[in-house]
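See structure below.
Please treat every number below as a calculation from the coordinates, not as lab data. Every value quoted in this text rests on a predicted model; they were computed, and no experiment measured them. All Cβ positions, even for glycine, are placed from backbone atoms using ideal geometry, and neighbour counts span all protein chains on display.
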Amino acid sequence: MASSARIGIGSPLSRVDGIAKVTGAAKYAAEHRPAGMLYGFAVSSGIAKGRITAIDDRAARAVPGVVEIVTHENRPRTAWLDRSHHDQVGPPGSPLRPFYDDKVMFSGQPVALVLAETFEAARHAAALVEISYEAEAHNTDFDKALAEKFLPAKKRNTFHPPKNRGDAEKAFAAAPLKVDAEYRLATEHHNPMEMHASTVEWHGDGSITVHDKTQGPQNVQAYLSSVFGISAKKIRVLNPYVGGGFGSGLRPQYHVYLTVLAATMLERSVRVVLTRQQMFTHVHRPEAVQTVRLGAEMDGRLTAILNSATTSTSRYENHMEDVVIWGMMNYACPNASGDYTIAPMDTSTSGDMRAPGAATGMALFEIAIDEMAEQAKLDPLAFRLLNYSEEDAMNGTPFTSKALREAFAEGAAAFGWDRRKAGPRTMRDGHELVGWGLATGMWDAMFSKTSASAKLSANGDLEVASALSDIGTGTYTVMTQVAADTLGLPPERITARLGDSDLPAAPVEGGSWGAASVGAAVQVACRAIGEKLLKAASSIEGKPLGSAGIDDVTFDGGRIVLKSDPAIAVEFTEAMRAADLQTIEVEETASAGISGMVSQIRKSRNTHCATFAEVKVDEELGVVRVTRIVCAVAAGRIINPKTARSQILGGVVMGIGMALHEETMMDTKLGRFMNHSLAEYHVPANADIDSIEVIFVDEPDPEVTPLGVKGVGEIGIVGTAAAVANAIYHATGKRVRSLPITIDKLQD
Amino acid sequence: MNRFSYARPTDVAEAVREGSPGDVRYLAGGTNLVDLMKENVERPVRVVDINRLPLHDISDLPDGGLRLGALATNADTAWDARVEERYPLLSSAILAGASPQLRNAATNGGNVNQRTRCYYFYDTATPCNKREPGSGCGAIGGVNRIHAILGASAACIATHPSDMAVALAALDATVQVTGPDGDRAIPFADYHRLPGAEAWQDNNLAPGELVTAIDLPDERFTGHYTYLKLRDRLSYAFALVSVAAALKIEDGRIVEARVALGGVAHKPWRVKTAESVLHGETPSHNAFLAAAHAITEGATGHGDNDFKIGLARKAIVRALRQAADGTPQSQTDKRVA
């Protein structure tokens, strides 16, 4: 009969890949071991800039088991044109081509790859490769790089230039209340738990299978095809399990280039795994400086926003982020201007890291907002409500939805914000100063064209598949739930497949668009299955469903049920038998054209959050404890409150790291990041994390994406760092304008 | 990691024979040595695995003290009932360090012999006199927020990273060693050394010498002690500054004071003449502050770590107050007592 506990969209289904992960059944990129595989170990440059003048690999080659040492001197040919090295999401510029020539562009650049029969031999020999350099003057000092800041003529295609309104300079000059301060964010590295790695299977027929740590198997496939001149049909990239990404796997990283280069050169299977130290030799969140000038009337109404920021990039690519637009979009203010530039340094290219641009630019802006609220003698929440904008204030467009006001209200109630005492150093608990801080978070609600297939077997089992990745966010589970919801099947009858370049086309997993996009694709594919089932049911003798159309039936418990008389139903298996179908297979694509999205292009699509933080700071010593966070999120429809909550928790934890801990420290003399290990690059430990409460406010939004889903992978980090920074000010009266707020910054 | 030969002796004399020639490293818990070997910082030609030696016990000494076997793990030591009861300062200091997993593997001998966490020492692409004598010190003029403010030299500003050793210094422990020339006992204050011009030498062990035990004297400081550790996150980070403080208070006056600092020098930092500033004083902020200044006299920053000078003084004052009040720092409740 009709299944009562329908598990579909909105159910807190435990992640379907959980057991595979905790039992070790889930295999990651470096856990494959094809027959005859060689182990590759990369040698990293010790200088920041210059040329390789000599390579002495005699001692390394003498190590038993060493098969080859690849450098620029003996590498096989790869594509010549820069554009052949571009990938779907890389920035404009000339992408890194490892071993292309003798040029060193950053410290840690791969300059040789040792291949050996054992990992131990490869690693040992790598230490014996003697490389002589002719060093050139480098600059890795961000402050010096600022002298060269610029905005490239060729923009990244996802970049949104700030749109100015009114006359911000004039309004600022006339404003009775002013904030004018410079804010900074240190360089951060993503540090996913799984190191970047590839295992390339050499099949001997010109085809390769690449097990890669990536957030986009088809991006890697296209890149490898272009770089190595191998037909895409002969390259299969697999990444069914990814041990965290945070953006570090959006672009093909150099490990996959090295692995495929070696495999094609030696015609053997090869595995390359980066060390944790080498994880600090590629992508990172750029260092940032942001100058915020705010003007307001005496009553606290904002009259001017001048938001200016510069972030770091390399000398060979122009990585750009949307840093300054968030404050301009979020606040009602008649005059606003933004200015964004990038500053080139002799480092590897910076890149997207969880909420790129917003985590930097919204956080730093929200500290400035806290400063203005204080000047206006307003509670930080009252100040934000006073300057609340119903529409996207920068673009002058309505939002498809914006339940930030509700997030403020529900978050404040859960936190007990109304008991906050105004002014710094007004609350204490023993010898700890207590501070309560608030910040707004904002991120894009994006949708990306995605295809999915669905296959219903004669026994009633369903498989749905798409070439998206699950970087730990719950994509497998979301796909399962949407399929369960659409076809009324129990989740245990459904298998979701992803992380395979052979599957239907999907974008890289990033930007928080995964759930909305693949969810829509799975839904249209399952609907197509439903239509075929209904057609098949007409072959059943006596036509029990009569001439019912798709709108006249529901799918429930593996049956097609007549809406007008739920007693009349047909088993899926019965319909398939009647039509003599062994399987029903479809592939469908969800694009921005479906579900009325095209007509809504003039609307802004964003997620919002209100993050409340409590800190306790030892008055004498400056030891900070973050004792409570409440993060109230307005992100449209939540497919799975359990995995969505996990995403917000992770974002909040990372935001606490941004506020207090994370900083990659550069030795500007050597041009090298120095704290390149998890012992000295600090992310929050268990002791640093106390109570985190996640609230999803009701935000029905049928317009934003086909399922009304906005995505939650990134919004959790955006408000957190500023909420903590503002809480530290409220506790101590000390305004620290550079993140992370380490203990030294809280000394007198 | 280079190739090395490996021996696994079962008695101490055999271990010393194996350990005597050249580039040999004794392997105990391996929590530091193996990491350093993976990064080519340590390149022994021979590794002598001493885990089969009979040095795992913790036993009472006839004079009322306690002997900690060199191979007793940090966890077994910290949670030993005698250590908890008689030397709570030591128990607390051990629990302030590393993580449960590391403490389960790390040994007492290995703990005092662990090497600095200086970024440059760990990175073979950079200069470091400790790793490669004569190559220079990258940290001077480089990234040095975790570096020494006391007792450093022009050759090296590295710090000793141990928490346990700071408590052992305060407790006047003795290190029992054996070696090619027989047994000897080294007072803890003389065990580690300042870098001087010979930065590569962390301690005064002679080549081939092996730590067999650490002896704690009968003086226990169970009433007035604390281990206060300040670091860049609330757990699982090396000390920026740590303080082991122990007091004996009679009739409201301090009759003995011990203060050792971690994270500030190439060895656990103790200044006995500065401790005597407290003798005869009633516990007070001013008395503690005077002691803090005396202990940190001559402290010098190198840029990034300038803040440590003031922080060390504040930490000493706070630790002495915790000790005097009988409210030692908890290592699980991260609120500073």
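Between A:ARG51 and A:SER564, residue separation times 0.36 nm minus the direct Cα-Cα distance comes to 176.9 nm. Just so you know, the Cα atoms of the stretch A:590-748 work out to an Rg and Dmax of 19.0, 60 Å.
In this Cβ point-charge picture (+1 for Lys and Arg, -1 for Asp and Glu), the stretch B:5-51 has a dipole of about 80 debye about its Cα centre.
Straight-line cross-link reach from A:LYS155 at under 17 Å between alpha-carbon atoms covers these lysines, not counting any fewer than eight positions away in the same chain: A:LYS163. Relative to the globular-protein estimate of 2.2 N^0.38 Å, the Cα radius of gyration of the stretch A:17-62 stands at 1.99.
Quick one: putting +1 on the C-beta of Lys and Arg, -1 on the C-beta of Asp and Glu, what dipole do you get for chain A around its Cα centre, in Debye to the nearest 20? Kindly include the intermediate steps, with their values, before the conclusion.
Working: 74 positive and 89 negative charges, 120 e Å.
Value, rounded to 20: 580 debye.
Here A:LYS449 is the anchor, and the aspartates and glutamates within straight C-alpha reach of less than 14 Å, apart from those fewer than 8 places off in the same chain, are A:GLU509, A:GLU587, A:GLU588.
Of the trypsin sites (Lys or Arg not before Pro) found in the stretch A:535-570, the ones in coil according to DSSP and having at most 16 other Cβ atoms within 10 Å of their Cβ are A:LYS563.
Separation of the stretch B:8-79 from the stretch A:191-209 is 40 Å, based on Cα centroids.
Rounded, prolate or oblate: which fits the stretch A:353-400 when a ≥ b ≥ c are the square roots of the eigenvalues of the alpha-carbon gyration tensor, with rounded for a/c under 1.5 and prolate only if a/b beats b/c?
Here the stretch A:353-400 falls in the oblate category.
Would you compute, from DSSP H runs of 4+ residues alone, the mean residue ellipticity of chain A at 222 nm, taking -39500 (n - 2.57) per run and dividing by the full residue count, rounded to the nearest 500? Working shown, then result.
Working: 17 runs with 180 residues, N = 748.
Computed ellipticity for chain A at 222 nm equals -7000 deg cm²/dmol.
Taken over the alpha carbons of the stretch A:99-215 as equal point scatterers, the Debye sum produces base-10 log I(q)/I(0) values at 0.09, 0.11, 0.19, 0.23 Å⁻¹ of -0.59, -0.80, -1.44, -1.43. Loop-located GluC sites (Glu not before Pro) in the stretch A:1-75 (DSSP state not H, G, I, E or B) with no more than 14 neighbouring Cβ atoms inside 10 Å: A:GLU73.
Applying a DSSP loop filter and a limit of 14 other Cβ atoms within 10 Å to the trypsin sites (Lys or Arg not before Pro) in the stretch A:331-426 leaves A:LYS377, A:LYS421. Per residue of peptide B:143-153, the mean number of Cβ atoms on other chains within 10 Å of the residue Cβ is 2. Comparing B:ALA323, B:ALA315, B:ALA206 in a Gaussian network model of chain B (Cα springs below 10 Å), the most mobile by mean-square fluctuation is B:ALA206. For the stretch A:204-255, the alpha carbon convex hull comes to 78 Å³ per residue, rounded to a whole number.
Could you tell me which of rounded, prolate or oblate describes the stretch B:231-335, using a ≥ b ≥ c as the square roots of the eigenvalues of the alpha-carbon gyration tensor, with rounded for a/c under 1.5 and, failing that, prolate when a/b is larger than b/c and oblate otherwise? Oblate, because a/c is 1.5 or more while a/b does not exceed b/c. Length gained on full extension, B:ASP181 to B:ASP325: 47.2 nm, using 0.36 nm per residue less the C-alpha separation. 3J(HN,Hα) along the stretch A:64-76, derived from phi through the Karplus expression 6.51 cos²θ - 1.76 cosθ + 1.60 where θ = phi - 60°, amounts to x, x, 6, 9, 7, 10, 9, 9, 5, 6, 10, 5, x Hz, with x in place of Gly and Pro.
Counting every other Cβ atom within 10 Å of each residue's Cβ, A:SER225, A:SER45 order from fewest to most as A:SER225, A:SER45. For the stretch B:5-51, the Cα gyration tensor yields ellipsoid semi-axes of 19, 12, 7 Å (square root of five times each eigenvalue, largest first, whole Å).
Model label sites at B:SER284 and B:ASP57, defined 7 Å from Cα along the beta-carbon direction, differ in position by 5.0 nm.
Here the 3J(HN,Hα) profile of the stretch B:301-318, calculated from phi with Karplus coefficients 6.51, -1.76 and 1.60 at θ = phi - 60°, is x, 10, x, 4, 9, 3, 4, 5, 5, x, 5, 4, 5, 4, 5, 5, 4, 5 Hz, Gly and Pro shown as x.
Remark: spin-label model distance B:ASP11-A:LYS163 equals 8.7 nm, labels positioned 7 Å along the Cα→Cβ axis. Spatially, the stretch A:433-504 and the stretch B:135-177 are offset by 52 Å when compared through their Cα centroids.
From the P(r) of the protein assembly as shown, could you give the percentage of C-alpha pairs in the tail past 40 Å? List each step's numbers first, then the result.
Numbers: 296949 of 588070 pairs.
The answer is 50 percent, as a whole percent.
Where nothing but the Cβ of Lys and Arg (+1) and of Asp and Glu (-1) is charged, how large is the charge dipole of chain B around its Cα centre, in debye to the nearest 20?
Working: 36 positive and 39 negative charges, 210 e Å.
It works out to roughly 1020 debye.
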